[in-house]
Amino acid sequence: MTIISKAKFTFTRFSYHSGDWDTDQRMPSNILNSLLEYTTIPIEAKERVVALSSPDIFSSPFSYISGHKLVQFDEQERANFKKYVQNGGFVFADDCNHDIDGLFAKSFEAQMAQLFGNDALKKIPNDHPIYHSFFTFKGPPNTSFELNGWGDDLIHDYLKAITINGRIAVLYSNKDYGCEWDYDFRNKRFLSEDNTKFGVNIVVYAMGS
């Protein structure tokens, strides 16, 4: 089967039975606002939440998954995740702990190894096309959580990905972009630089996959 692409971009979040999937609740509307502000991509105005175990996931070419706690997919979730990715779906996975040794990071990476092999999730180079799919970056932009010593007190100078047929299928971040972008979109006017621009890059890249 092939993932069905809708005319309008829909920010779809995967819920899953373990852990805490409903983090950074204002982030999706902020990214949608940025897409409206900077691009001509038609959008659905509201986030869509779909259970990973549901066949409804196959109508969304872009999806987001995050959390702080244990990620332990059940049998149906594992099967759907693998089929979704292998049939053209794009998953942006973000660790809300900003911690390479945290529970979410370890358990999510273990799930990816189980589904796609131990070496499937690899660092991507900082000249990867995702860094200039719309705005230009020299690699993954830092977050305030990294700079302020939150989580593992490291600045992660890379993102990881599972690549299928030459395109990123799962983009994985330990940088906590979800929390970085979790504010009312009207407050962007107080920022010296709009920190959601990289979110626009992710969506533009994913929709062009």
Self-check item: Hits in segment 190-207 (condition: open to solvent by 40 Å² or more (accessible area, probe 1.4 Å) and touching a strand residue (DSSP E or B) at 6+ places or on another chain (Cβ under 9 Å))
Solution: 207
Practice problem: Among the residues of segment 28-56, count how many are closer than 23 Å to residue 201 by Cβ and either assigned to a loop (DSSP other than H, G, I, E, B) or touching a strand residue (DSSP E or B) at 6+ places or on another chain (Cβ under 8 Å) (or both). | Solution: 14
Exercise. Tell me, yes or no, whether segment 139-159 has at least one residue that is at pLDDT 90 or above, part of a loop (DSSP other than H, G, I, E, B), of a type in the set (Phe, Trp, Tyr) and surrounded by 20 or more Cβ atoms within 10 Å (Cβ to Cβ).
Key: no
Quiz item: Residues in segment 177-186: is at least one open to solvent by less than 50 Å² (accessible area, probe 1.4 Å) and in contact with a strand residue (DSSP E or B) (Cβ under 6 Å, 6 or more places away or on another chain)?
Solution: yes
Exercise. Take residue 120 and decide whether it is exposed (fewer than 15 other Cβ atoms within 10 Å of the Cβ) and not in a strand (DSSP E or B).
Key: no
Practice problem: Of the numbered conditions (1) in a loop (DSSP other than H, G, I, E, B); (2) more than 19 Å from residue 201 (Cα to Cα), residue 136 fails exactly one; give the number of that condition. | Solution: (2)
Quiz item: Can you tell me which residues in segment 37-58 are open to solvent by 30 Å² or more (accessible area, probe 1.4 Å), out of contact with any helix residue (DSSP H, G or I) (no Cβ under 6 Å at 6 or more places or on another chain) and either hydroxyl-bearing (Ser, Thr, Tyr) or in contact (Cβ under 8 Å) with a residue 40 or more places away in the chain (or both)?
Solution: 40
Practice problem: Name the residue, out of 197, 188, that is touching an Asp or Glu at 6+ places or on another chain (Cβ under 6 Å) and over 30 Å from residue 72 (Cβ atoms). | Solution: 188
Exercise. Could you look through segment 59-114, keep only residues that are touching a Pro at 6+ places or on another chain (Cβ under 9 Å) and over 20 Å from residue 20 (Cα atoms), and pick out the one that is most open to solvent (accessible area, probe 1.4 Å)?
Key: 88
Quiz item: Would it be correct to say that residue 174 is within 19 Å of residue 27 (Cβ to Cβ) and open to solvent by 40 Å² or more (accessible area, probe 1.4 Å)?
Solution: no
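Results for (1) closer than 23 Å to residue 52 by Cα; (2) without any contact (Cβ under 8 Å) to a residue 24 or more places away in the chain, shown as yes or no for each residue.
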| residue | (1), (2) |
| --- | --- |
| 88 | yes, no |
| 97 | yes, no |
| 101 | no, no |
| 117 | yes, yes |
| 127 | no, yes |
| 130 | no, no |
| 136 | no, yes |
| 143 | no, no |
| 157 | no, no |
Practice problem: Report yes if some residue within segment 8-22 is modelled with pLDDT under 95, of a type in the set (Asp, Glu), in contact with a strand residue (DSSP E or B) (Cβ under 8 Å, 6 or more places away or on another chain) and buried (at least 21 other Cβ atoms within 10 Å of the Cβ); otherwise report no. | Solution: no
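The values are calculated or read from the model by the stated rules, or taken from the named source; none is laboratory data. Given the structure is predicted, the values throughout are model-derived calculations rather than measurements. Using ideal geometry, Cβ is built from the backbone for each residue, glycine included, and neighbour counts are taken over all protein chains shown. Quick note on the areas: whole protein, heavy atoms, side chains included, nothing else; ligands and nucleic acids left out. Shrake-Rupley method; radii C 1.70, N 1.55, O 1.52, S 1.80 Å.
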